[in-house]
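Report on the following structure.
The values are calculated or read from the model by the stated rules, or taken from the named source; none is laboratory data. Keep in mind that this is a model prediction, so the values were computed, not measured. For accessibility, only protein heavy atoms count, side chains too; no ligands or nucleic acids. Shrake-Rupley method; radii C 1.70, N 1.55, O 1.52, S 1.80 Å.
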Amino acid sequence: MKIPEVSIPMLNGEYREQSTVPKDAFLYQCEKNKKFYVKSLEGGKEMWLILPNREFGLKQVETLKNTYNNETTTLEINDPETYIKEGDVLTYQKCRLQKLK
């Protein structure tokens with residue numbers, strides 16, 4: 001019995017790891033080693049917030065250029081002290097924009 005030759009790229013080293021960074025997103029690194037991504041939508045009038053366990057949209061607060069929110073979450077982009085507040089709790093603090101490779 002002859003076994004056919006099989007070429008599987010993953011097993012012979014001919015592969016490359018795919019990036020887990022969302023396309024066109026910005027990375028923020030926060031205290032306590034937390035991080036999140038943000039994508040600008042609608043010319044900056046909306047932000048798509050990408051957290052480790054969920055993602056959702058936020059709309060710009062009309063009177064505050066760098067603040068975005070929905071019913072429960074607020075994102076304030078104020079480099080170098082960007083933060084996310086969920087209800088009354090600061091869940092991501094002292095966040096800084098990181099350069100993506």
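Observations on the structure shown:
- Using a cut-off of 21 Å between Cα atoms, the listed pairs LYS23/LYS99; LYS59/LYS99; LYS45/LYS85; LYS59/LYS85; LYS65/LYS94 include LYS59/LYS99 as exceeding that distance.
- The candidates PHE36, PHE56, arranged from most to least accessible area with a 1.4 Å probe in the full protein assembly, appear as PHE56, PHE36.
- Listed residues ASP88, ASP24 arranged by accessible area, highest first, probe 1.4 Å: ASP88, ASP24
- Two-decimal Rg to Rh for the range 60-101 - Kirkwood Rh, Cα set: 1.01
- Share of carbon and sulfur in the accessible heavy-atom surface of the range 24-101 [1.4 Å probe, %]: 47
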